[in-house]
Amino acid sequence: IFPDRRLRRNGIFILLSTHIVSDIDYIADRILIMKNGELIQEGTEKEITDKVEGCVWKCIVSEKEAGQITSSFIVSNVRSSGENVELRIVSERQPVAGAENVESTLEDAYLYLTQIAGGEKNATL
């Protein structure tokens, strides 16, 4: 669903529910994040991603280390890099020595708000 910009000029509001985060930042001007039927966050993409500034990390580790990290932390992305694995981790603290703090995405913010700050899993965007 791609709402026409003319609708906004006429004061029409469209509610779109999806789990595909890449759709959200492309379509929406304002974002609401709900969990268990309750609103837990509202704002623009920038306002929401700013909430998790300093909580997203990137590191390159061995496959064995990656297994240990993924069982202990929320991992938003995994990419094989030769014999190693590049992990993108959402955590309030540095997950492993050498992990670099990186800019957060809307998906990172969603994971943080629903699984770290929000407690339980299973939220909807």
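Data for the structure
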read-out: Relative contact order (%) - criterion: Cα under 8 Å, at least six apart; region: segment 5-124; value: 28 percent
read-out: 5 angstrom amide H check on residue 74, placed H, neighbours 5+ away; value: 90
read-out: Cβ-based exposure ranking for 108, 50, in which fewest neighbours within 10 Å come first; value: 50, 108
read-out: Most to least packed among 67-73, 101-107 [average Cβ atoms within 10 Å]; value: 101-107, 67-73
read-out: Amide H partners (placed H, <5 Å) of residue 40, local residues excluded; value: 33, 34, 35
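Rule-based calculations on the coordinates, nothing more; no lab input. What you see is a predicted model; the values in this text were computed from it and never measured. Cβ atoms come from the backbone with ideal geometry, glycine included; neighbour counts cover every protein chain shown.
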